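Input: a single structure, listed below in structure tokens.
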Amino acid sequence: MKRVQWLMILMVGAFTLSGCAPLVVGGAAVTGGAGTYFYTRGELTTDYHYSFDSVWSACEKTVAYMNATDVIPVKEISTGTINAVIDGEKVHFSVKYKGKDLTTAAIRVGMLGDRPASQRLHDKVTDYLLK
């Protein structure tokens, strides 16, 4: 058991000394920098420094741009979800108010999650936020 502990300490030390320490969250490594994403339980999550309504609108535009079918949006005061089918895969958007000009958005593609596909959708949401 001590061998495993020492190995973990050495690995953390090596990453720290390399200058770009990754954060391990739920088995997925996420590096620091612009646009930090967390990939946990099949969902790719990030915080946007925009209002809830702006992020919600960007998610709706992304769904429309991707020619989604079976779209089911549910919007409340501070939370919202959009379930849709994009390219034959079920997609789930979750948007939550976190503070003034701070909104959390999570995207899951498929039943177990598809990180690259979720990242492409987040990139499209970002594009709409920057317009």
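Within straight-line reach of LYS131, meaning a Cα separation under 14 Å, sit the following aspartates and glutamates at least 8 residues removed in sequence or on another chain: ASP123.
May I ask you to derive the relative contact order of the range 66-120, considering only C-alpha pairs under 8 Å and at least 6 residues apart, and to give it as an integer percent?
Reported relative contact order: 23 percent.
This ranking places LEU121, LEU130 by how few other beta-carbon atoms lie within 10 Å of each, fewest first, which gives LEU130, LEU121.
Evaluate the Debye formula for the range 37-130 with equal point scatterers sitting on the alpha carbons, no solvent, and hand back log10 of I(q)/I(0) at q = 0.15 Å⁻¹, in q order, two decimals. Rounded to two decimals, the profile gives -0.48.
A short reminder: the numbers here are calculations on the coordinates, not readings from a lab. Bear in mind that the values here come from a model prediction, so they are computed numbers and not experimental data. Backbone-built Cβ (ideal geometry, glycine too); neighbour counts: all protein chains shown.
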